[in-house]
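Scroll down for the structure; my scribbles are underneath it.
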Amino acid sequence: MRKILLSSIIVLIGITFIGRLSYLQIFSFSPDQVLEDPAIKRIYDYPERGYIYDRNGELLVGNDPAYDVMVIPREVRTLDTLEFCNLLGIDKKKFKKELRKARIYSPRLPSVLVPQLSKEDYARLQEKMRRYQGFYIQKRSLRYYDTPSAASVLGYISEVNERDLAANPYYIQGELTGRTGVEKQYEDILRGRKGVQYIQKDRFNRDIGPYKDGILDTLPEQGKEIHITLDKELQEYGERLMQGKRGGVVAIEPASGEILSLISGPTYDPALLVGRERSRNYNKLYNDSLAKPLFNRSILAESSPGSPFKTLNALVALHEGVISPSTTVTCYSGFFVGGRKRGCHCGGGIRNMNSGIYKSCNAYFASTFRKIYDKFNTTDEGMDVWERHIKSFGLGGYLGYDLPTGRPGRIPGKKFYDKWYGDNRWASSTIISNSIGQGEVAVTPIQLANMTAAIANRGHYYTPHVLKKIEGKDITNPKYTEPKLTTIDRKHFEPIIQGMADVYKKGTARWVQIPDIEIAGKTGTVENFTIIDSVKTQLTDHSVFVAFAPVDNPKIAISVYIENGYYGSRYAGHIASLMIEKYLKREITRKDLEKRMLEKTLEHEYAKPFSGEEFKINEYVW
């Protein structure tokens, strides 16, 4: 009996061991468990990143082959460090630093030692690398740019950092990820999925073939190609016009919210942030604290909107019934606030809504602004109504566009002024500068363009966006395809639009008309202050312009904001008209405007705070 019991125990233990070994061999295929085995090496196969095309199918971003020198720290054997460094083109200090970094990350996982070798370097090193245990060359692709433009939209890719690794287990040390722009926003679509191959090693650490005959291996999945809404030709043209100037230009298709161009000046060639010189080039751009080429002014710069904001005040007043298009105001070359006269450039005289818009009369809009508040029993009530109407145009908040950065601007409300002046200690006359787009109102260029699109559409807009297609299929996200209604009735837009059309025909932009295109626009000149030696100093004014065309069937709405650009039609108006003609006609007839903008630069203005040269100050803001 005792022999039977003992035999049974031995058989049971044997069956248990066999069962467990069978489970581990046949069913337990966890890659994490495989990685714990020192006899198994994992090699990644990286797919090409998805290509990026413009709205017309023109290539913007493709790929070029590149090669990384990889290291698995625990497999490194004694080597001639100096010889190896000379072979790789790095110094000994750099080699030790990267090897130490790789060991800290993981002694058993591969890390990048030297990234982004050229094809020539790869050909030279391929055979020699076999002499150095623990090192190998891995192929990957780097971005290739078929345009010198759109850096602020396309963004760039860079090596993952500690935060990326902690946030997403997909990545390992040395891999690349989208860092800004479209590359960041649509990283999951563009990157594809890397494949993996498991290699069995023998007791001498030599590769002997695929682990489990490759049953755990996976193939890479190509990144998806996308089409974005930018017009490559328009974007490149706009960036040429912006050379030597600082500011933002945003063009939108009113019928869809698709962003046709998004320009920040100054900008840079996106190719600068590719390859082994990427870090050096990035540091140079980052440390340019004056021009700030990495600062995307089109979606981050918050400034006063100037006179284009008058159109919204007129719409609010019409909707609230405090004026009609025929309401008149007498302008005495300005208007009075608390005994102090505020100037106006329009020449004085009787102004109705139409002439108030196309002559940009400050007195007319100051009076209109007051009438909005006078309708209500308290200033707080008037402010609530005004704020609600203005914000319905997408101002004072994030628009929800599909770029990974931005600023909300500012539409001040009663809480803002109560904090500033005290409850019941302010009135419409206190904040009268908001009537002409100065004061505490702040907007970004993309918000100005969106506001203009809403006017062009007679009361609605679509959330601006840059993604158009994925793998040839149109996007159907309701966030971008459903219209957002303003609070203003449609019937009130026509007199405003007529006034904006007359800005081109007989108003402040009559010098920048484009043949055969009916354009509606509005000029703006914005006061510009800074602190120099602890003293508030007025600099040359900013030039602002918004427009859309054609008036009756809008295809493009645009905002242009040029820092230190003098008055509205001088720089911003020129650029807006040229951009509209380029998009609608694909050619330029106003060669005089084009020549001026391609040749003119404002670098001398940007140097004045440091040179002590006098600034050009306009007597009146319009």
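Condition first: open to solvent by 20 Å² or more (accessible area, probe 1.4 Å), assigned to a strand (DSSP E or B) and polar (S, T, N, Q). Now tell me which residues in region 526-564 satisfy that.
Hits for region 526-564 are 530, 537, 538.
State yes or no: is residue 300 within 22 Å of residue 457 (Cα to Cα) and at pLDDT 95 or above? Can you show your working first?
Numbers: within 22 Å of residue 457 (Cα to Cα): no; at pLDDT 95 or above: yes.
Against the criterion (within 22 Å of residue 457 (Cα to Cα) and at pLDDT 95 or above), residue 300 does not qualify.
Inspect region 588-610 for any residue being at pLDDT below 95, surrounded by fewer than 24 Cβ atoms within 10 Å (Cβ to Cβ), farther than 24 Å from residue 447 by Cβ and among the polar types (S, T, N, Q) and give the result as yes or no.
Checked against the condition, which is being at pLDDT below 95, surrounded by fewer than 24 Cβ atoms within 10 Å (Cβ to Cβ), farther than 24 Å from residue 447 by Cβ and among the polar types (S, T, N, Q), region 588-610 yields at least one hit.
Considering only residues of region 125-162 that are of a type outside the set (Lys, Arg) and closer than 21 Å to residue 74 by Cβ, which is most open to solvent (accessible area, probe 1.4 Å)? Please lay out each step first, then the result.
Start the filter on region 125-162 by keeping residues that are of a type outside the set (Lys, Arg), which leaves 125-127, 129, 132-138, 141-142, 144-162.
This time we only want the ones that are closer than 21 Å to residue 74 by Cβ, so: 129, 132-138.
Working: 129: 7, 132: 15, 133: 101, 134: 12, 135: 16, 136: 44, 137: 39, 138: 10 Å².
Selected residue: 133.
Tell me, yes or no, whether region 237-245 has at least one residue that is aliphatic (A, V, I, L, M) and surrounded by fewer than 16 Cβ atoms within 10 Å (Cβ to Cβ).
Filtering region 237-245 down to residues aliphatic (A, V, I, L, M) leaves 241-242.
Still in the list and also surrounded by fewer than 16 Cβ atoms within 10 Å (Cβ to Cβ): none.
No, because not a single residue in region 237-245 is aliphatic (A, V, I, L, M) and surrounded by fewer than 16 Cβ atoms within 10 Å (Cβ to Cβ).
Tell me yes or no: at least one residue of region 517-525 is on the phi < 0 side of the Ramachandran plot, outside any strand (DSSP E or B) and open to solvent by 70 Å² or more (accessible area, probe 1.4 Å).
First, the residues of region 517-525 that are on the phi < 0 side of the Ramachandran plot: 517-525.
Keeping just the survivors that are outside any strand (DSSP E or B) gives 517-519.
Checking the rest, the ones that are also open to solvent by 70 Å² or more (accessible area, probe 1.4 Å) come to 518.
Yes, the conditions are met somewhere in region 517-525.
Tell me which of these residue 471 doesn't satisfy, since it passes every other one: (1) touching a residue at least 24 places away in the same chain (Cβ under 8 Å); (2) closer than 20 Å to residue 400 by Cβ; (3) open to solvent by 60 Å² or more (accessible area, probe 1.4 Å).
Among (1) touching a residue at least 24 places away in the same chain (Cβ under 8 Å); (2) closer than 20 Å to residue 400 by Cβ; (3) open to solvent by 60 Å² or more (accessible area, probe 1.4 Å), the lone unmet condition for residue 471 is (2).
Is it true that residue 458 is charged (D, E, K, R) and within 24 Å of the chain's Cα centre (by Cα)? Let's see the steps before the verdict.
Working: charged (D, E, K, R): yes; within 24 Å of the chain's Cα centre (by Cα): no.
No: the conditions fail for residue 458.
Residues in region 372-381: is at least one in contact with a Cys (Cβ under 8 Å, 6 or more places away or on another chain) and of a type outside the set (A, V, I, L, M, F, W, C)?
First, pick out the residues of region 372-381 that are in contact with a Cys (Cβ under 8 Å, 6 or more places away or on another chain): none.
Within region 372-381, none of the residues are in contact with a Cys (Cβ under 8 Å, 6 or more places away or on another chain) and of a type outside the set (A, V, I, L, M, F, W, C).
Pull out all pairs, ordered by first then second residue, where Cβ-Cβ is under 6 Å, the residues are six or more apart or on different chains, the first lies in region 422-449 and is open to solvent by 20 Å² or more (accessible area, probe 1.4 Å), and the second is part of a loop (DSSP other than H, G, I, E, B).
Final answer for the pair search is 433/439; 439/431; 440/412.
Name every residue in region 531-589 that is among the acidic types (Asp, Glu) and either more than 17 Å from residue 254 (Cα to Cα) or without any contact (Cβ under 8 Å) to a residue 60 or more places away in the chain (or both), in order of residue number. Spell out the reasoning first.
Taking region 531-589 and keeping what is among the acidic types (Asp, Glu), we get 533, 541, 552, 563, 581, 587.
Scanning region 531-589 gives 533, 541, 552, 563, 587.
Looking at 461, 398 in this structure, which one is buried (at least 24 other Cβ atoms within 10 Å of the Cβ) and either more than 26 Å from residue 336 (Cβ to Cβ) or without any contact (Cβ under 8 Å) to a residue 12 or more places away in the chain (or both)? First the steps, then the outcome.
On the way: 398 fails: buried (at least 24 other Cβ atoms within 10 Å of the Cβ).
Of 461, 398, the one residue that is buried (at least 24 other Cβ atoms within 10 Å of the Cβ) and either more than 26 Å from residue 336 (Cβ to Cβ) or without any contact (Cβ under 8 Å) to a residue 12 or more places away in the chain (or both) is 461.
Would you be able to tell me the number of residues in region 363-384 that are touching a Gly at 6+ places or on another chain (Cβ under 7 Å) and either within 14 Å of residue 312 (Cα to Cα) or of a type in the set (A, V, I, L, M) (or both)?
5
Out of all the residues in region 502-516, is one or more in contact with a Pro (Cβ under 9 Å, 6 or more places away or on another chain), touching a residue at least 40 places away in the same chain (Cβ under 8 Å), outside any helix (DSSP H, G or I) and of a type in the set (Gly, Ala, Ser)?
Within region 502-516, not a single residue is in contact with a Pro (Cβ under 9 Å, 6 or more places away or on another chain), touching a residue at least 40 places away in the same chain (Cβ under 8 Å), outside any helix (DSSP H, G or I) and of a type in the set (Gly, Ala, Ser).
Are there any pairs, at least 6 apart or on different chains, whose C-beta atoms fall under 8 Å, with the first in region 225-252 and at positive phi and the second aromatic (Phe, Trp, Tyr), and if so, which?
Close Cβ pairs (under 8 Å, with a partner that is aromatic (Phe, Trp, Tyr)) amount to 247/561.
For region 94-116: of the residues being open to solvent by less than 80 Å² (accessible area, probe 1.4 Å) and without any contact (Cβ under 8 Å) to a residue 60 or more places away in the chain, which is farthest from residue 71 (Cα to Cα)?
95
Has region 377-394 got any residue that is modelled with pLDDT of 95 or more, under 18 Å from residue 306 (Cα atoms) and assigned to a loop (DSSP other than H, G, I, E, B)?
Checked region 377-394: at least one residue is modelled with pLDDT of 95 or more, under 18 Å from residue 306 (Cα atoms) and assigned to a loop (DSSP other than H, G, I, E, B).
So residue 494 ticks every box in (1) in a helix (DSSP H, G or I); (2) under 28 Å from the mean Cα position of the chain (by Cα); (3) closer than 28 Å to residue 578 by Cβ but one. Which box is left unticked?
Only one criterion in (1) in a helix (DSSP H, G or I); (2) under 28 Å from the mean Cα position of the chain (by Cα); (3) closer than 28 Å to residue 578 by Cβ is unmet by residue 494, namely (2).
Would region 84-93 turn up any residue that is in contact with a Cys (Cβ under 8 Å, 6 or more places away or on another chain), open to solvent by 20 Å² or more (accessible area, probe 1.4 Å), charged (D, E, K, R) and under 30 Å from residue 269 (Cα atoms)?
Yes, region 84-93 contains at least one residue that is in contact with a Cys (Cβ under 8 Å, 6 or more places away or on another chain), open to solvent by 20 Å² or more (accessible area, probe 1.4 Å), charged (D, E, K, R) and under 30 Å from residue 269 (Cα atoms).
State which residue is surrounded by the most Cβ atoms within 10 Å (Cβ to Cβ) when the search covers only region 36-55 and only residues that are over 23 Å from residue 122 (Cα atoms) and modelled with pLDDT of 90 or more. Outline the logic, then answer.
Of the residues in region 36-55, the ones over 23 Å from residue 122 (Cα atoms) are 36-40, 50-55.
Narrowing the set further to residues that are modelled with pLDDT of 90 or more leaves 50-55.
On the way: 50: 21, 51: 19, 52: 26, 53: 21, 54: 22, 55: 19.
In this case the residue turns out to be 52.
Can you name every residue in region 160-195 that is touching a Gly at 6+ places or on another chain (Cβ under 6 Å) and part of a helix (DSSP H, G or I)?
181, 182, 183, 184, 187, 190
The values are calculated or read from the model by the stated rules, or taken from the named source; none is laboratory data. Here the structure is a predicted model, which means the values were calculated and not measured. All Cβ positions, glycine included, derive from the backbone under ideal geometry; neighbour counts span all protein chains shown. These area figures cover heavy atoms from the full protein model, side chains too; ligands, DNA and RNA do not enter into them. Shrake-Rupley method; radii C 1.70, N 1.55, O 1.52, S 1.80 Å.
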